[in-house]
Amino acid sequence: MIITEKQRYTIGILVQNVPGVLARIVGLFSGRGYNIETITAAETNEPGLTRITLVTTGDERVLSQIIKQLNKLINIIKVYDFAETEFVDREMALIKVRAEQATRAEVLRIVDIFRAKVVDVSAHFYTLEVTGNEGKINAILELLGQIGIVEVARTGKAALARSKKH
Amino acid sequence: MKMKGSQIFFECLKKEGVEVIFGFPGGAVLDIYHEMPKHDIRHILVRHEQGAAHMADGYARSSGRVGVCLVTSGPGATNTVTGIATAYMDSVPIVVFTGQVPTPLIGDDAFQEVDIIGITRPCTKHSYLVRNINDLQTVIREAFYLARTGRPGPVVVDLPKDVIQAQTEFKYPKKVDLPGYHPTIEAHSGQVKRAQDILKKSKSPVIFAGGGIIISDSTSELMQIAKLIQAPVTCSLMGLGGFPAGITDAGGLRRPNPLWLGMVGMHGTYQANMAISHADVIFAAGVRFDDRVTGKISEFAPSARIIHIDVDPSSISKNVDVDVPIVGDCKNALQQLIRLFEAEPVENQAAIRRPWLEQIDKWRKDHPLTYSKDCNVIKPQYVIEKIREIAGSDAIITTEVGQHQMWTAQFYEFDRPRTLLTSGGLGTMGYGFPAAIGAQMAFPDKLVIDIAGDGSIQMNIQELCTAVCNDIPVKVVILNNKYLGLPRQWQELFYEKNYTGSCLEGSPDFVKLAQAYGAVGLRAEKPEEVESVLREAFKIKKPVLMDFVVSREEGVYPIVPPGKSITEMLLA
């Protein structure tokens, strides 16, 4: 058995929006010892269909088993293996950061550079909304971390396959 | 015309051709039991719900039809879990109907409420909680369809009491609409061609067949392929019977099948394990390369390219890397392969394989399956040989799990598919006896024999009452060594002879126990009594429990120590 290096993989899952479908997916991962790093789920434009984006880690063999096992679930309509296709992905984070007299300007500069938004203001804190790929979110968190982050809520990744160019 | 849910339940079952339900009533399903006498479906009242699930399983494995069981909510439902998991691991089509508390009470910890859908999620092919009477018929239609198609498996349908009491129009759906379920049946012709190219050049191929051959009813295709390419065949435990161990000619004379290697794996034959380990190609069909087959995975079939047919893509390249994956039904793939070989006759196949088959013959002669005969004490293997001799190849054999199961696999020599029913994947003690009852319901005129140990028979012994009350004349052979034999053998070999917990002295007198239940009890204590006890039992048209007092410390050999390569067999 060839064991390849552990990597992060993004998987898109289109499911019937029926009771228990998320439990089936999450149960499959915990039962078989697979890892879920992030998971997002919400209805699509089509009634009755939900799109789930899931980030996992594992080697190629594990990824291949995950895709096959997901495909076996009856309520899953389609599984997108983003290791095989180009895709776009975004996640959103709400970041509550300390914004005292001395640091406020710096926070706003960072907001500007990252095209983030201030969505809540109080005497000592700003809450920011930032959208981007994982790298961008990590970068702003690192910068703001030097100033003083109080709380973070990240959505986890949502992803779609890129459409064909022609 | 509107019908109640309970009536719709039976109308659906009739549409699915159900002839028997194995069940046990309770508050949540009493509406169904109230309706039952109006319908021409036989109900077998079990004594424990685990028995009901295994009976449905035994019915399904022996006949190929979907087995059905019906239990109440809460403990009725949880008692079926072992049976469901057993069916799941061995891909057996059963539908388990569980009662549920009324929908307004779900989630309130009501009396006899349990989330059976949640509990069984990891061990079912699919499951349904029917929340609306209008969904009932569609759900039942889908449940049977899912259970029997693709890779078969158990489906649970949870029926809240108020849904069963509600009314709607009955109109059985003609089609199922499952947008996420499209099992691949037709094998990819390009992959089949690649398999043929590899096979025809192979000098030392082995065909490795599993339960998929039996499920897909491909025994004759398997025999054709083996003959065409002159390749020896081994089977997993689940595959036994899928390839005949012996061939009976028109005159009734049975000879060993020269291409048959016996079972492979932990208790496989010497020649099967050696052949797999020296093969240049392994042609696997309907198997999943279970750890009991492969032994130490890194040393499994080191010099072989592997071709693997399976209807379940997740079985391919799960445990071993596969060179030619073929997703599809075994029967379809084998038929395509046969057509390729017939279109392009390869005459020298026998000549190419001769040295390989000679080598295998040498292995076979070097270390045949054997045991030391004894005229003072009954050897368990001897009992199995005698059953084989008297019952013939048409009898249906079930087993529990343990030494007796492995001796049956080694010494019974199965010639026909669906004549061995055994819990291969989950290894469920207590499976064989209720499974035998289920099989006997499918084949009332056949001889159905559960080969058991004194440990495992006690796990579902209460079903003796079910067999007696319903005139189901199954035969039970207990190979009684007053030990949990396999744990004892492992303790002897691998745990410094520390026999903690494996001694079973103090079991009941099985002959008296049989009589107490109203069955017939027989006992043999000496080798010369074995044959007469068997012959007598097989003539009786009632359930018979036979207690064979066998040598206590007999081991199953060969045995591959856990974690070792399958060539590292302890032969005695």
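The values are calculated or read from the model by the stated rules, or taken from the named source; none is laboratory data. Just so it is clear, the structure is predicted and the values come from calculations on it, not from any experiment. Using ideal geometry, Cβ is built from the backbone for each residue, glycine included, and neighbour counts are taken over all protein chains shown. Each accessible area value is taken on the protein alone, full model and side chains, heavy atoms only, with ligands, DNA and RNA left out. Shrake-Rupley method; radii C 1.70, N 1.55, O 1.52, S 1.80 Å.
Miscellaneous remarks
- A count restricted to the stretch B:120-153 and to residues that are touching a residue at least 60 places away in the same chain (Cβ under 8 Å), open to solvent by less than 10 Å² (accessible area, probe 1.4 Å) and within 13 Å of another protein chain (Cβ to nearest Cβ) stands at 2.
- Subset of the stretch B:178-225 that is part of a loop (DSSP other than H, G, I, E, B) and within 22 Å of B:Phe300 (Cα to Cα) - its residue that is most open to solvent (accessible area, probe 1.4 Å): B:Lys203
- Residue in the stretch B:333-347 that is among the polar types (S, T, N, Q) and either in the same structural domain as B:Ala409 (by TED's automatic domain parsing) or in contact with a helix residue (DSSP H, G or I) (Cβ under 7 Å, 6 or more places away or on another chain) (or both) present: yes
- B:Ser277 being more than 19 Å from B:Glu221 (Cβ to Cβ), over 18 Å from the mean Cα position of the chain (by Cα), within 14 Å of another protein chain (Cβ to nearest Cβ) and of a type in the set (Ser, Thr, Tyr): no
- Checking each residue in the stretch A:1-33 for being open to solvent by 30 Å² or more (accessible area, probe 1.4 Å), more than 14 Å from every other protein chain (Cβ to nearest Cβ) and not polar (S, T, N, Q) picks out A:Glu5, A:Lys6, A:Arg8.
- Listed by position, the helices (runs of 4 or more DSSP H) contained in the stretch B:87-172 that have at least 2 residues being within 16 Å of B:Asp57 (Cβ to Cβ) and assigned by TED's automatic domain parsing to the domain that holds B:Asp310 form an empty set.
- Within the stretch B:85-119, the residues that satisfy the criterion of being of a type in the set (Asp, Glu) and without any contact (Cβ under 8 Å) to a residue 24 or more places away in the chain are B:Asp108, B:Asp109, B:Asp115.
- Single residue of the stretch B:26-72 satisfying the filter (in a loop (DSSP other than H, G, I, E, B) and among the charged types (D, E, K, R)) that is surrounded by the fewest Cβ atoms within 10 Å (Cβ to Cβ): B:Asp40
- Which numbered condition A:Glu129 fails, given (1) free of Cβ contacts under 8 Å to residues at least 40 places away in the same chain; (2) touching a Ser or Thr at 6+ places or on another chain (Cβ under 8 Å); (3) not assigned by TED's automatic domain parsing to the domain that holds A:Val15: (2)
- Inclusion of B:Glu113 among residues that are within 29 Å of A:Ser30 (Cβ to Cβ), surrounded by fewer than 20 Cβ atoms within 10 Å (Cβ to Cβ) and either touching a helix residue (DSSP H, G or I) at 6+ places or on another chain (Cβ under 9 Å) or not charged (D, E, K, R) (or both) is warranted.
- Out of A:Ile74, A:Ile67, A:Ile36, one residue alone is more than 20 Å from B:Asp321 (Cα to Cα) and either crowded, with 19+ Cβ neighbours inside 10 Å or within 14 Å of chain B (Cβ to nearest Cβ) (or both). It is A:Ile74.
- Within the option set A:Ala123, A:Ala116, A:Ala83, being under 30 Å from B:Lys125 (Cβ atoms) and either in contact (Cβ under 8 Å) with a residue 60 or more places away in the chain or away from chain B (no Cβ under 14 Å) (or both) holds for one residue only, A:Ala83.
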